[in-house]
Protein chains: 4
Amino acid sequence: MEGEDIVRILITGGTIDKEYNPLTGELIFSKSHLSNMLSQVRCNVRFVSEEVMLKDSLEMKDEDREEILKKCTSSGETRIIVTHGTDTMVETARFLGKGVKGKTVVLVGAMIPYAFGASDALFNLGCAFSAVQTLQPDVYITMNGRIFLWSDVKKNRGSGEFEELTGQKTS
Amino acid sequence: MEGEDIVRILITGGTIDKEYNPLTGELIFSKSHLSNMLSQVRCNVRFVSEEVMLKDSLEMKDEDREEILKKCTSSGETRIIVTHGTDTMVETARFLGKGVKGKTVVLVGAMIPYAFGASDALFNLGCAFSAVQTLQPDVYITMNGRIFLWSDVKKNRGSGEFEELTGQKTS
Amino acid sequence: MEGEDIVRILITGGTIDKEYNPLTGELIFSKSHLSNMLSQVRCNVRFVSEEVMLKDSLEMKDEDREEILKKCTSSGETRIIVTHGTDTMVETARFLGKGVKGKTVVLVGAMIPYAFGASDALFNLGCAFSAVQTLQPDVYITMNGRIFLWSDVKKNRGSGEFEELTGQKTS
Amino acid sequence: MEGEDIVRILITGGTIDKEYNPLTGELIFSKSHLSNMLSQVRCNVRFVSEEVMLKDSLEMKDEDREEILKKCTSSGETRIIVTHGTDTMVETARFLGKGVKGKTVVLVGAMIPYAFGASDALFNLGCAFSAVQTLQPDVYITMNGRIFLWSDVKKNRGSGEFEELTGQKTS
């Protein structure tokens with residue numbers, strides 16, 4: 001089908017896209033850095049990106065997740081990357097896992113903003129690009145170099161890392 | 001089998017690991033940056049890395065490729081990433097493709113050294129980590145966000161990007 | 001006198017030395033980056049550095065300023081750089097200006113942490129190194145590429161930049 | 001006089017402004033990064049910059065140095081920074097030292113390109129900004145955090161650092 005070769009990227013915010021505001025000392029959103037990131041790494045995958053929102057995922061509400069779900073189900077593309085805050089990435093993954101069928105959706109974020117230099121953002125985005133092109137239709141999270149099915153993942157708040165629920169690796 | 005969960009990384013050199021020598025103005029090898037890279041991105045995949053050589057791939061000879069092949073076939077791990085220069089990455093991929101069976105091998109490099117800041121190194125490495133965990137046993141190259149089978153890839157020297165031989169996408 | 005050729009660097013904290021804690025999303029102090037900074041820029045000035053404290057300057061109290069003053073007056077070196085937060089740098093400069101005689105003291109900080117990559121830290125530190133070697137004994141602040149006497153400077157909190165009190169340039 | 005408060009920056013090239021060309025593996029000039037640099041560090045000094053040339057200083061000829069001299073003598077500004085390659089910075093400094101009167105001219109460069117991230121460029125530029133505002137009219141070089149009079153400086157090619165001719169510090 002026509003939209004299949006193109007990867008759709010839904011930008012929703014998260015630390016990956018935050019910046020430092022020197023006047024207030026806080027981390028804020030200004031604009032997404034995604035196009036700079038993909039241009040810097042010479043990405044040659046055909047993609048279309050869309051800034052759905054720029055939110056810290058702790059501030060996401062049901063209607064935000066509904067909107068992301070709607071974008072997933074209505075898109076012509078069957079390969080979708082969702083950039084997202086890590087704090088409630090699991091919640092959104094579960095919501096999408098129940099509602100999206102026949103598409104490969106990969107949620108990804110970062111612990112350090114891309115704008116900060118020594119970041120995990122580009123590595124994670126690479127994991128997502130690869131995963132979205134190779135995995136069977138379903139909803140996944142990729143963080144820390146690993147891939148998790150939406151139904152078997154949690155964020156370990158102590159370490160800041162993502163793990164299976166069960167302790168048994170699914171990848 | 002025992003070695004299967006662990007990813008083995010064979011370091012062979014290439015631009016990804018080069019550094020700038022300010023006294024001569026040349027790009028040189030000093031030591032691999034791989035462990036810094038994986039620590040920076042908080043990679044939580046169990047891996048073992050081995051510095052096989054640190055060569056510009058234009059300087060690789062048959063015996064170098066033989067050595068890389070030997071490392072692949074003799075390793076207990078069935079998931080292997082090979083960091084490699086981009087100039088003759090295709091040659092090495094073909095050599096390994098013919099000689100390695102029953103393992104998923106992914107060759108990866110970079111056009112800009114990791115040490116230079118605005119690099120494609122981490123994104124490409126992320127692609128490789130994801131690919132090596134999801135793809136069927138065979139030999140692949142990942143560059144520019146894409147994945148290529150060893151038997152259907154070439155480097156476009158004009159653009160510096162990797163493409164299929166045939167023009168038909170295999171991923 | 002013996003200590004004169006050597007520049008003493010008193011580290012007191014400030015944004016210049018802050019780091020991002022990905023687990024909490026906050027900016028914290030871990031260790032000073034000063035020696036990495038001077039090594040990165042191949043600084044060939046003989047110096048000795050001392051970590052007096054690592055504080056956000058909004059949290060400095062009288063006894064902290066007393067301690068910095070004491071370090072200045074008791075040092076054998078007559079050229080002293082003080083790295084300091086920008087929020088109350090003017091207060092500390094005035095305190096030192098009244099209490100330090102016969103030495104060239106330059107206070108410097110940054111609006112963006114050195115650790116964040118696209119920072120003003122190194123530029124400002126360069127301004128300070130130059131100033132401390134060329135200026136007559138007194139107490140100064142350097143920020144935004146400019147040099148201010150301790151008695152004629154304020155921080156414009158709206159713009160985050162330093163200016164003279166009077167509007168008349170003294171340098 | 002009118003032009004005096006403004007600092008004039010004459011851009012002539014050198015490693016400070018080089019970039020890495022991933023297709024050839026060479027360092028090249030594309031455009032000067034000076035305005036990005038001064039904007040990044042929030043420089044609040046009034047300046048005007050002019051790209052005189054973008055050359056590796058090993059390729060400078062008499063007519064290039066004549067041109068730089070002419071720019072210095074004809075400028076209304078009495079405070080001039082010259083960004084320059086380090087290899088023949090001493091030669092240009094001597095040429096300007098003999099020909100420029102009544103102005104403070106500071107030559108500065110870098111051992112690592114600004115574009116490479118972990119660079120000395122911004123620190124050196126900070127030293128130059130400070131020096132040009134504090135030093136008596138004459139011609140100087142600033143590198144490695146130090147300031148040298150044009151008549152007492154050489155580049156130590158072994159270490160890549162600048163030193164006095166005599167071994168006696170002039171600053």
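Using the Kirkwood formula on the Cα atoms of the range D:59-119, what hydrodynamic radius do you get, in angstrom to one decimal? Mind dumping the intermediate values first?
Working: mean 1/r = 0.0805 Å⁻¹.
By the Kirkwood definition, the hydrodynamic radius is 12.4 Å.
Give me the percent of DSSP beta bridges within the protein assembly as shown that run antiparallel, rounded to the nearest 5. Could the numbers behind the result be given before it?
Details: 40 of 124 bridges.
Percentage antiparallel, nearest 5: 30.
Give me the percent of the accessible area of chain B that comes from carbon and sulfur atoms, probe 1.4 Å, all protein chains in place. Before the final figure, lay out the partial values.
Numbers: 3030 of 6670 Å².
C and S fraction of accessible area: 45 percent.
Any idea what the D:S39 label distances to the other copies are, label 7 Å down the Cα→Cβ vector, nm, shortest first?
So the label point of D:S39 gives 1.3, 3.4, 3.6 nm to the other copies.
Mind grabbing the interface size between A and C? I mean buried accessible area, both sides, 1.4 Å probe, in Å² to the nearest hundred. Don't jump to the answer; show the numbers that get you there.
Numbers: alone 8670 and 8660 Å², together 16280 Å².
Summing both sides, the interface buries roughly 1000 Å².
How far is B:G99 from the same spot in each other copy, in nm, shortest first, if each label point sits 7 Å from Cα toward Cβ?
5.2, 6.1, 7.1
Taking each pair of distinct Cα atoms in the range C:1-63 once, what is the resulting Kirkwood hydrodynamic radius in Å? Please report the intermediate quantities before stating the final value.
Details: mean 1/r = 0.0741 Å⁻¹.
So the Kirkwood estimate lands at 13.5 Å.
Past the 24 Å Cα-Cα mark, which pairs from D:K18/D:K101; A:K61/A:K101; C:K103/D:K155; D:K55/D:K154; B:K61/B:K98?
Violating the 24 Å Cα-Cα cut-off are D:K18/D:K101; C:K103/D:K155.
Using θ = phi - 60° and the Karplus relation 6.51 cos²θ - 1.76 cosθ + 1.60, list the HN-Hα couplings for the range B:25-32 in order, rounded to whole Hz, with x at every Gly or Pro.
Computed from phi, the couplings for the range B:25-32 are x, 9, 8, 9, 9, 10, 8, 6 Hz.
Enumerate the aspartates and glutamates that C:K31 could reach by cross-link, defined here as Cα to Cα under 14 Å, with residues fewer than 8 away along the same chain left out.
Answer for C:K31, where 14 Å is the Cα cut-off: C:D17, C:E19, C:E50, C:E51, C:D56, listed by chain and number.
Distances from C:D5 to the same position in the other copies: list them in nm, one decimal, shortest first, using label points 7 Å from Cα along Cα→Cβ.
4.1, 6.0, 6.9
C:E161's amide H: which non-local residues (gap 5+, or another chain) put their own amide H closer than 5 Å, with H modeled 1.01 Å from N in plane and none for Pro or chain starts?
So C:E161 has HN proximity to C:N156.
Using the eigenvalues of the Cα gyration tensor, what equivalent ellipsoid semi-axes result for chain A when each is taken as the square root of five times the eigenvalue, whole Å, largest first? List each step's numbers first, then the result.
Numbers: eigenvalues 100, 73, 51 Å².
Result for chain A: semi-axes of 22, 19, 16 Å.
Just to be sure I understand the interface: list residues from the range C:39-72 that lose 50 Å² or more of accessible area between the chain on its own and the complete protein assembly, 1.4 Å probe.
For the range C:39-72, once contacts with the other chains are taken into account, C:Q40, C:V41, C:R42, C:N44 lose 50 Å² or more.
Less than 13 Å Cβ to Cβ from A:E59, Lys/Arg counted +1 and Asp/Glu -1: what total charge do the surrounding residues give? Write out the running numbers ahead of the final one.
On the way: positive: A:K18, A:K55, A:K61, A:R65; negative: A:D56, A:D62, A:E63, A:D64, A:D87, A:E91.
Local charge sum for A:E59: -2.
Just to be sure I understand: of the beta bridges DSSP finds with both ends in chain A, what percent are antiparallel, rounded to 5? Walk me through the numbers on the way to the answer.
Details: 10 of 31 bridges.
Bridges in chain A that DSSP calls antiparallel: roughly 30 percent.
Please give the average number of partner chain Cβ atoms lying within 10 Å of the Cβ of each residue in B:17-25, rounded to a whole number.
Taking the mean over all residues of the peptide, I get 5.
Please turn the phi angles of the range C:138-151 into ³J(HN,Hα) values with the Karplus equation 6.51 cos²θ - 1.76 cosθ + 1.60 (θ = phi - 60°), one per residue in order, whole Hz, x for glycine and proline.
With the stated coefficients, the range C:138-151 comes to 3, 10, 9, 10, 10, 8, 6, x, 10, 10, 10, 6, 4, 8 Hz.
Per residue, what accessible area does the protein assembly as shown have, given a 1.4 Å probe and all protein chains present, in Å²?
Details: 26700 Å² over 684 residues.
Spelled out: the 1.4 Å probe surface of the protein assembly as shown, per residue, equals 39 Å².
Can you run phi through the Karplus equation (6.51, -1.76, 1.60; θ = phi - 60°) for the range B:94-101 and list ³J(HN,Hα) in whole Hz, with x for Gly and Pro?
5, 4, 6, x, 7, x, 9, 10
Using the Kirkwood formula on the Cα atoms of the range A:71-171, what hydrodynamic radius do you get, in angstrom to one decimal? Intermediate results must be reported in sequence, preceding the final value.
Numbers: mean 1/r = 0.0736 Å⁻¹.
Value: 13.6 Å, from the Cα pair sum.
With no solvent and one point per C-alpha, what does the Debye sum give as log10 I(q)/I(0) for the range C:21-99 at q = 0.13, 0.16, 0.18 Å⁻¹?
-0.50, -0.74, -0.90
Which order do A:R46, C:R146 take when ranked by solvent-accessible area (1.4 Å probe, heavy atoms of all protein chains), largest first?
Working: A:R46 130, C:R146 15 Å².
Largest to smallest exposure gives the sequence A:R46, C:R146.
In square nanometres, what is the average projected area of the Cα convex hull of the range C:107-156?
Values: hull surface 14.3 nm².
Result: a mean projected hull area of 3.6 nm².
Can you compute the label reach from A:L23? Point 7 Å from Cα along the Cβ direction, backbone N cut-off under 15 Å, restricted to the range C:71-112.
The answer is C:111-112, whose backbone nitrogens lie closer than 15 Å to the label point.
Can you give me the Rg/Rh ratio for the protein assembly as shown, using Cα atoms for both radii and the Kirkwood formula for Rh?
Working: Rg = 27.5 Å, Rh = 27.2 Å.
We get a ratio of 1.01 for the protein assembly as shown.
Taking the Cα centre of each part, how many Å lie between the range B:93-171 and the range B:12-80?
Centre-to-centre distance over Cα atoms comes out at 15 Å.
What residue of chain A sits with its beta carbon nearest the rotation axis taking A to C, and at what distance in whole Å?
A:G117, 1
The values are calculated or read from the model by the stated rules, or taken from the named source; none is laboratory data. If you're wondering where the values come from, they're calculated on a predicted model, not measured in any experiment. All Cβ positions, glycine included, derive from the backbone under ideal geometry; neighbour counts span all protein chains shown. Remember, those area values only see protein heavy atoms, side chains included, never the ligands or the DNA or RNA. Shrake-Rupley method; radii C 1.70, N 1.55, O 1.52, S 1.80 Å.
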